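Reviewing the structure listed below.
The values are calculated or read from the model by the stated rules, or taken from the named source; none is laboratory data. Small disclaimer: the values here were computed from a predicted structure and weren't measured. Here the Cβ positions follow ideal geometry from the backbone for every residue, glycine too, while neighbour counts run over all protein chains shown. For accessibility, only protein heavy atoms count, side chains too; no ligands or nucleic acids. Shrake-Rupley method; radii C 1.70, N 1.55, O 1.52, S 1.80 Å.
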Amino acid sequence: MRQNIVAANWKMNKEVQESYNFTKSLSKKLLNLKRTHIILCPPFTSLFYISELLKNTSIALGGQNMHYEKSGAFTGEISSSMLKSSGCDYVILGHSERRHIFNESNEAIKKKIDAALSNDLKPIICVGEKLGERQSGKTSEVIRSQYKSAFSDILEYEINRCVIAYEPVWAIGTGMTATPEQASEVQGLIRNLIEEQYSKNVADSMPILYGGSVKPTNANSLIETENIDGFLIGGASLVEELFFEIVNIVEQYSIE
Ligand code: PEP
């Protein structure tokens, strides 16, 4: 059975004290979850401070990005071991804002995935097409090429430590959500690609998240959909009540 995951991507929001207060209050509410794994991805500046709060809880911490080199003259960057030593188990890689605002290529993202895996971090690997690509019928071509680049040479024991998030670029932060059918179709394609490369067993156990304007009002119909094992949430993860409501929807669905 696949694990359900809800990951919060705070992006460039919340200063240190605010992150701390928010996590303190939220984590108390999330203590009794039985089936949903929560991953909080705050800005780098809050990681260590929050990690102290999350000790002895099942809530995991993740970075939002990292560099692929181990150390050196890369001003403004952060390495996998820095994330690990700040309490992270996860790192978001290939987020569309990194791909399209910061021009990260498939090749750079691949190097980051390899670096994360070799430093005991679990990558949350984001893939997704732009609006124009969807409109011109290129969705599966884009997803295939992002998948193939990210997963080439990844061994079976390593893929078990990866999480994939399908995030259509046109749905991120826009209020537009993929319909359950659109999301399920692409997430099914991703699962087929995993099966082709590894096995049905590996494909069946891989958590594939959906991200793109998830809210309490659409979480139910999305989580009921085949191939959606949880969410990567931006905007709604900044508001305690909204995030908690979405987590509860996923948790209730898991129990049924
Ligand atoms: C995201 O940043 O990964 C995301 C899905 O954002 P939002 O939920 O705001 O669309």
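Go through 70, 28 for me and flag whichever is more than 29 Å from residue 108 (Cβ to Cβ), basic (Lys, Arg) and surrounded by fewer than 19 Cβ atoms within 10 Å (Cβ to Cβ). So that I can check it myself, show each step before the final result.
Numbers: 70 fails: more than 29 Å from residue 108 (Cβ to Cβ).
From the options 70, 28, the qualifying one is 28.
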Which of the residues spanning the stretch 73-96 are at positive phi and open to solvent by 10 Å² or more (accessible area, probe 1.4 Å)? 76, 87
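Given the options 38, 59, name the one that is within 16 Å of the ligand (Cβ to nearest atom), among the hydrophobic types (A, V, I, L, M, F, W, C), under 17 Å from the mean Cα position of the chain (by Cα) and open to solvent by less than 50 Å² (accessible area, probe 1.4 Å). Full working, then the answer.
Details: 59 fails: within 16 Å of the ligand (Cβ to nearest atom).
On inspection, the qualifying residue turns out to be 38.
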Out of the stretch 82-133, which residues are farther than 23 Å from residue 229 by Cα and among the basic types (Lys, Arg)? 84, 98, 99, 110, 111, 112
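Any idea how many residues of the stretch 160-186 are in contact with a strand residue (DSSP E or B) (Cβ under 6 Å, 6 or more places away or on another chain), in a loop (DSSP other than H, G, I, E, B) and either free of Cβ contacts under 8 Å to residues at least 12 places away in the same chain or within 12 Å of the ligand (Cβ to nearest atom) (or both)?
Keep residues of the stretch 160-186 that are in contact with a strand residue (DSSP E or B) (Cβ under 6 Å, 6 or more places away or on another chain), which gives 161-167, 183, 186.
From what is left, the residues that are in a loop (DSSP other than H, G, I, E, B) are 161-162, 167.
Still in the running and either free of Cβ contacts under 8 Å to residues at least 12 places away in the same chain or within 12 Å of the ligand (Cβ to nearest atom) (or both): 167.
The total comes to 1.
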Given the conditions (1) modelled with pLDDT under 95; (2) surrounded by fewer than 13 Cβ atoms within 10 Å (Cβ to Cβ), which single one is not true for residue 200? (1)
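Any residue at all in the stretch 106-120 that is within 16 Å of the ligand (Cβ to nearest atom), in a helix (DSSP H, G or I), surrounded by 19 or more Cβ atoms within 10 Å (Cβ to Cβ) and not charged (D, E, K, R)?
At the first step, the residues of the stretch 106-120 found to be within 16 Å of the ligand (Cβ to nearest atom) are 109.
This time we only want the ones that are in a helix (DSSP H, G or I), so: 109.
Remaining after also requiring surrounded by 19 or more Cβ atoms within 10 Å (Cβ to Cβ): 109.
Right, trim to not charged (D, E, K, R) and you get 109.
Yes; the residues of the stretch 106-120 include at least one that is within 16 Å of the ligand (Cβ to nearest atom), in a helix (DSSP H, G or I), surrounded by 19 or more Cβ atoms within 10 Å (Cβ to Cβ) and not charged (D, E, K, R).
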Could you please give the count of residues in the stretch 206-240 that are surrounded by fewer than 16 Cβ atoms within 10 Å (Cβ to Cβ) and either of a type in the set (Gly, Ala, Ser) or more than 25 Å from residue 25 (Cβ to Cβ) (or both)? 3
Anything in the stretch 213-256 that is touching a residue at least 60 places away in the same chain (Cβ under 8 Å) and of a type outside the set (A, V, I, L, M)? List them, or say none. 229, 230, 231, 234, 235, 237, 240, 243, 244, 251, 253, 254
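Mind listing whichever residues of the stretch 140-159 are open to solvent by 80 Å² or more (accessible area, probe 1.4 Å) and either part of a helix (DSSP H, G or I) or touching a strand residue (DSSP E or B) at 6+ places or on another chain (Cβ under 8 Å) (or both)? Break it down into steps so the answer makes sense when it comes.
Step one: filter the stretch 140-159 for residues open to solvent by 80 Å² or more (accessible area, probe 1.4 Å), giving 141, 144, 148, 153, 155-157.
Passing the criteria: 141, 144, 148, 156, 157.
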Only one of 15, 69, 52 is touching a helix residue (DSSP H, G or I) at 6+ places or on another chain (Cβ under 8 Å) and over 25 Å from residue 245 (Cβ atoms); which? 69
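Check the stretch 71-82 and report whether any residue there is within 16 Å of the ligand (Cβ to nearest atom) and at pLDDT 95 or above. Step through it out loud before you land on a result.
Step one: list which residues in the stretch 71-82 are within 16 Å of the ligand (Cβ to nearest atom), which gives none.
No - not one qualifying residue is present in the stretch 71-82.
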When the stretch 160-174 is checked residue by residue, the ones that are open to solvent by less than 50 Å² (accessible area, probe 1.4 Å) and either farther than 21 Å from residue 105 by Cβ or in contact with a Pro (Cβ under 7 Å, 6 or more places away or on another chain) (or both) are 162, 163, 171
For the stretch 187-213, give me the residue count where each residue is touching a Ser or Thr at 6+ places or on another chain (Cβ under 7 Å) and either closer than 13 Å to residue 159 by Cα or within 16 Å of the ligand (Cβ to nearest atom) (or both). 2
